[in-house]
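Worksheet: the structure to be examined is printed underneath.
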Amino acid sequence: MEIRRTVRVKLDVDSEAAALLEDTVDAFLWSAQYVVDHAFEGEHVTTSKTTLDDETYDDIREQTGGFNGGLVQAARNKAAEACRSVVARWKQGKAASKPEFTSPHVVYDHRTATFHDEYVTLATTEGRVRADYVLPNDACGTPHGKYLLADDYETTGAELHYRDGDWMLHIHCKREVESDTSDQAATENGTVLGVDLGVDNIAVTSTGRFWSGDEFNHWRREYEQHRSDLQQCGTRWAHEAIKAVSRTEAGRFKTLLHRIANELIAEARKTGCTVIAFEDLTGIRERTNASWGHKWAFDRLYEYAEYKAATHGIAVEQVNPADTSRRCSHCGFTDSNNRDGETFGCGECGYENHADYNAAKNIGLRYLRRTQTGGDGGAPLGVRLNSGMLTVNGGYSPGSPEAGTEVHAETRERGG
Ligand SMILES: [Zn+2]
């Protein structure tokens, strides 16, 4: 497994280097935009990196007067990813327009940047420049000390940003850790399984299981379409047909939600949880952009989980959802900038993970705090994670490998 972290470091650059970095930002954004414009030219949006590379690389190199090949490729990757997410949104029936690159940044990797302990060298439009890190006097205990300067972490790349007059480098670091799931499950009782509900993912647990919303969202669109077709007929027959369609479709949705509820209970049992915590469903439409159909589905899922869980002696609870999507489950830092779409990146400690997974952990923690301050003797001890357990003060219980708490993609299980 891997633990990934991003450390934000301010750079100290002289005016000559700054001028080159400005040129580099311009060339990078221009290149990314060139690729996107090209991708949108045909009848379909091109999203293949190889195709886009074949079709744009030489042109960009020529038109930019030989912009660094590694940076051209990074710009192309950035453009291809932006095109893919537009197409993905279209497939979900959502609106999305052609990406525009305006925010000043450059993506670097090991070919275009070399990371040293106290400085970095960055490829620019004209050779490399050196930029010194502005580090705290005592880096011990800071993200810089723990990840950037630590021997067990290696840097994998970085993004250069220019904001409010400062050059900032967001450096990605990773550490390999041995997977340890041996102490998982059953050994500890009294843990809570946090569950985050949403549109893209119907449910995500603090143990890192994801139930995609794709199937539900697809059916829902089909159903809406079918219903509106019938409504346009306006006849009595159509009215009856709508009722029949509604019944059939509701049955189909319910079957799906029963299955997810069963799998949630199975996950709770497998990991020895005595409580499953959901966010309070009141106001969830406003918080998550969910439709009435989604709200209906969340209510059913909660209801099914509650009665199924009862037969296994597991309680199902709702907690206050305030800030659960903006709060860092690692250090507690709460800020709306922490969340960017489905990515969560803490501005304070650098913790990075899937936003829904981070929220699921916070929901579990919220329940834990509530019960512990209430002094309930039978309160659960921790939030159940992939492996190991998160305790109420954000620490990890002894013997629980930190690894399991940090990772989602590598151990992500696809439910549903
Ligand atoms: Zn944090």
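Close amide H partners of residue 203, meaning residues 5 or more places away or on another chain with modelled amide H under 5 Å apart, are 198, 211. Modelled label positions at residue 30 and residue 48, each set 7 Å beyond Cα in the direction of Cβ, lie 2.9 nm from each other. Each of 65, 122, 90 was scored by the projection of its Cα onto the charge dipole of the stretch 14-137, and the greatest displacement toward the positive side belongs to 90; charges sit on the C-beta of Lys, Arg, Asp and Glu. Taking each residue as 0.36 nm, the span from residue 142 to residue 282 lengthens on full extension beyond its C-alpha to C-alpha distance by 46.6 nm. Please report, as a whole percent, how much of the solvent-accessible surface of the stretch 256-298 comes from carbon and sulfur atoms (probe radius 1.4 Å). Taking all protein chains in place, the stretch 256-298 shows 53 percent carbon and sulfur surface.
Across the alpha-carbon atoms of the stretch 1-120, the computed radius of gyration and Dmax are 16.2, 49 angstrom. The simple spin-label model puts a point 7 Å past each Cα toward its Cβ; for residue 102 and residue 22 those points are separated by 2.0 nm. Ranking 307, 57, 357, 162 by solvent-accessible area of protein heavy atoms (1.4 Å probe, all protein chains present), from largest to smallest, gives 307, 162, 57, 357.
Taking the inverse of the mean 1/r over every pair of distinct Cα atoms in the stretch 230-302 gives a Kirkwood hydrodynamic radius of 14.7 Å.
Projected label points at residue 335 and residue 37, each 7 Å from Cα along the beta carbon direction, are separated by 3.5 nanometres. Binning the C-alpha pair distances of the stretch 39-180 at 10 Å intervals from 0 yields a P(r) profile of 10, 31, 31, 21, 7, 0 %, listed from the shortest bin outward. Where in the stretch 76-103 is the amide nitrogen less than 18 Å from a point lying 7 Å along the Cα-to-Cβ axis of residue 212? The answer is 84-94, whose backbone nitrogens lie closer than 18 Å to the label point.
Listed here are the pairs 91/361; 174/308; 174/295; 10/91; 91/270; 94/361; which of them are more than 32 Å apart at the Cα?
Values: 91/361 29 Å; 174/308 40 Å; 174/295 38 Å; 10/91 39 Å; 91/270 35 Å; 94/361 28 Å.
Correct reply: 174/308; 174/295; 10/91; 91/270.
If you plug the beta carbon distance of residue 348 and residue 156 into 1/(1 + (r/R0)^6) with R0 = 25 Å, you get a FRET efficiency near 0.75.
Derived value for the stretch 194-328: Kirkwood hydrodynamic radius 16.1 Å. Basis is the mean of 1/r over every pair of different alpha-carbon atoms.
The values are calculated or read from the model by the stated rules, or taken from the named source; none is laboratory data. Just so it is clear, the structure is predicted and the values come from calculations on it, not from any experiment. For neighbour counting, all protein chains shown are included, and Cβ atoms are generated from backbone atoms with ideal geometry for every residue, glycine included. All accessible areas refer to the heavy atoms of the entire protein, side chains included, with ligands and DNA or RNA removed. Shrake-Rupley method; radii C 1.70, N 1.55, O 1.52, S 1.80 Å.
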